[in-house]
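The values are calculated or read from the model by the stated rules, or taken from the named source; none is laboratory data. Quantities reported herein were computed from a predicted structural model and do not represent experimental measurements. A quick note on method: Cβ atoms are made from the backbone with ideal geometry, for glycine too, and the neighbour counts reach across all protein chains shown. Just so you know, the surface numbers come from the protein's heavy atoms only, side chains and all, with ligands and any DNA or RNA stripped out. Shrake-Rupley method; radii C 1.70, N 1.55, O 1.52, S 1.80 Å.
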Amino acid sequence: MTTPATPATPATPGTPAAPLSPVAQAFEKAASEQRAAVVGYLPAGFPSVDGAITAAVAMAESGVDVLEIGLPYSDPLIDGPVIQEAVHAALTNGTHVGDVLRTVEAATAAGVPTLVMTYWNPIDHYGVAAFARDLAAAGGAGLITPDLPPEEAGPWIEASDRYGLDRVFLVAPSSTRERIQTVTAVCRGFVYAASLMGITGTRATVSDQAAGLVSKVRDYTRLPVAVGLGVRDGAQAAQVAGFADGVIVGTAFVQRLLNAPSPDEGIAAVRALAADLAAGARAGSQAAHASPAAPSPAASPAAAANPAAAAGS
Amino acid sequence: MTTTGHPGHQTQTGNQSVPDATGHFGIYGGSFAPEALTAALDELTEQYLAAQADPEFQAELARLLRDYAGRPTLITEVPRFAAEAGGGRVFLKREDLAHTGSHKINNVLGQALLTRRMGKTRVIAETGAGQHGVATATACALFGLDCVVYMGEEDTRRQALNVSRMRMLGAEVVPVRSGSQTLKDAMNEAFRDWVASVDNTHYCIGSVGGPHPFPMMVRDFQRIIGVEAREQLLAQVGRLPDAVVACVGGGSNAIGIFHAFVPDTGVQLIGCEAGGEGPEPGRNAATLSSGSAGVLHGMRTFLLQDDEGQTLPTHSISAGLDYPGVGPEHVWLRETGRASYRAITDAQALDGFSVLCRTEGIIPALESSHALAGALQLGRELGPDGLLLVNLSGRGDKDVATVSERLGLL
């Protein structure tokens, strides 16, 4: 591990002169190739620490642009049954914070900027500044914090400035314009737009609230906007790519690992999904550029025709 | 420090007043909720503050508390119990005599009125012992609201009577099989429901925990316990008690009876936590005695957690106290030195339970039995000149099976 570079002055989000973070660069690269970025989530420690590392590297090699490594937590308040099961298994296997950092290090080494997705208490308990220091030392790109509102984030904002880390906060369909302004003002890297009101898990169709939310977010920030919650396949990724800069997929990856009869088949399924999502993210984005007036350029007939196919979450 | 809410309802200690405008009690409390809930929490705060200032809302709540819940509840002097507790005088605040059998009805009637005011049609709740679930199901029946109660599967077994009561009242009871299958997991599941249903659903939190405004709002709806008891005691005895004793899980009955006495600095405020089978991690639910600061269920508070911030399993003979957190105002009351907290073991609580049954003919809830055990200790500490006020927060029908098994009464 290397000593983290400490900027002499805090990076200011939104300032044109600020150097782009690795995550922002990944979004920029995807945009320059006329495609949405694919952001993939996996919890550390599932099915084992090394198994998760293998899966994360497979995702990086198969089309995922940005990785989110989940820090397993005992009370995953906004996760559905699939991620709950994986996280529970990870904790039962004895996954520790050190394992999460090791996973981040390995994923980053595979060439993909890697964020940690975490409920706030484990970070609070570790010590915000200490965690930022150790995450930066592991090569991590920053944090996604689903239960930390900007109002309570003072110490994290300070620590992320000090260690040059991204901080991704969430906006939701229920967020008021005032809230969107408050949240996006402190985001760095990208803005996480929750596509629907609910917990993590795949859905049969992409929520019709997502496009409107992304459009509202764009009134307040030039940061990339990625859409998460409910996306399960390439067809849905294509739909999202029609209006967003990134597609976030978690449960569908975890489900592949849960369903696999063997570890090797799990990795193969993860690779296939990553490739499917990447193809969808490219097709949807290019269709949108070709006909910007079309509201839903890559609507998924398969998903729309078969709402009962919603995966078990 | 800025303040919100009805000025008379702020907790005053010296020149401090809590919570602040964003729900902080010192460094505790606040709001650590997912963004999806922020708009609903803001609306709830706004509507609650408007309701507090609305004489019609207050009159309707006062009418319900009087004509439906049976307030004011009595205070009862218990001399035969007091003889076992150092020979001073002991008074019980009889929340067990409120409709549905516990103090939980006070809060639920307030939140049901707010639900109607916000135009929502569905109420969800978490419950441990089932007392809050029964109270919520009751208020929903009264107001014609849909009701879903989340309850840990282990708790549905040990508090089966209350599961039946909720279902009779028309509520759907959802057993929660995740995690430790107790109150914390029921609360997780209720939050998961709420994130998806917040448009038409109010989450009626039963304790003084959760994100702002819940700790403030639930306290305000429960503070009537102490307001009444203080007046009743002054009228009957002519002086304030030496100590006020209550059990603490999340801490709503304790805040309820403490709050009116906070400015009376000569009155000790004593909270009795679930000491379970002893101080070993995982064998108790004594958050203030054995925990440390952290964030859970939308609030910064004290938690029982391991060295990486994972919530520890808890144990208590009493389902209502079997929770790894505590309301943030209790942490603040302790840090400012205004209240103190002690752990009462399962065995001590059973002793408190038995003594009250046999000396006074009152069967208390196992939760409240922790306060009774604390009163037995404190009474002996204070001696024959002592005057104790104990919150008898609920009645014990629901615990008959548990106690019969533990004491070999079957």
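Here are the numbers for the structure shown:
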item: Those aspartates and glutamates that a straight Cα-Cα span of less than 13 Å connects to residue B:184, excepting residues fewer than 8 apart in one chain; result: A:75, B:126, B:153, B:154, B:155, B:322
item: Once exposed loop trypsin sites (Lys or Arg not before Pro) are cut out (DSSP; at most 15 other Cβ, 10 Å), longest piece of chain B; result: B:1-176
item: Segment B:67-132, accessible area per residue, ligands and nucleic acids excluded (1.4 Å, Å²); result: 29
item: Selected from B:266, B:298, B:379 as most flexible by GNM, with chain B as the system and alpha-carbon contacts under 10 Å; result: B:266
item: Sites residue B:404 and residue A:32 - FRET efficiency at Förster radius 45 Å, r taken between beta-carbons, to 0.05; result: 0.05
item: Nearest-20 debye value, the protein assembly as shown charge dipole, Cβ charges on Lys, Arg, Asp, Glu; result: 940
item: Equivalent ellipsoid, segment A:112-227 (semi-axes from 5 times Cα gyration tensor eigenvalues, Å); result: 25, 15, 13
item: Cα-projected label distance for residue A:158 with residue B:380, points at 7 Å along beta-carbon direction, nm; result: 4.8
item: Residue-normalised accessible area of chain A, expressed per residue, 1.4 Å probe, Å²; result: 37
item: Coordinate range along principal axes, alpha carbons of chain B, Å, largest first; result: 55, 47, 46
item: Chain B: most fluctuating residue of B:174, B:163, B:208 per GNM, C-alpha cutoff 10 Å; result: B:174
item: Hits among lysines - C-alpha to C-alpha of residue B:93 under 21 Å, sequence gap 8 or more where chains match; result: B:104, B:398
item: Global form of segment B:311-410, assessed from the alpha-carbon gyration tensor, a/c cut-off 1.5; result: oblate
item: DSSP-defined antiparallel bridges as percent of all bridges, chain B, nearest 5; result: 35
item: Residue among B:57, B:261, B:25 with the largest mean-square fluctuation in a Gaussian network model of chain B, springs linking Cα atoms under 10 Å; result: B:57
item: For residue A:49, net neighbour charge (Lys/Arg +1, Asp/Glu -1) across residues whose Cβ lies under 13 Å away; result: -2
item: Cβ-defined net charge surrounding residue B:24, 12 Å radius [Lys, Arg +1; Asp, Glu -1]; result: -3
item: Surface share of carbon and sulfur [accessible, 1.4 angstrom probe, percent] for the protein assembly as shown; result: 53
item: Helical contribution to [θ] at 222 nm, DSSP H n ≥ 4, -39,500 (n - 2.57), averaged over chain B, rounded to 500; result: -13000 deg cm²/dmol
item: Of all DSSP beta bridges in chain A, antiparallel share, percent nearest 5; result: 5
item: Equivalent ellipsoid dimensions for the protein assembly as shown as semi-axes, Å, which come from the Cα gyration tensor, largest first; result: 49, 25, 24
item: Estimated FRET transfer efficiency (residue A:215, residue A:61; beta-carbon r; R0 30 Å; 0.05); result: 0.35
item: Rounded to 5, the percent of DSSP beta bridges in the protein assembly as shown classed as antiparallel; result: 25
item: Interface burial for B against A (accessible surface, 1.4 Å probe, total of both chains, Å², rounded to 100); result: 2700
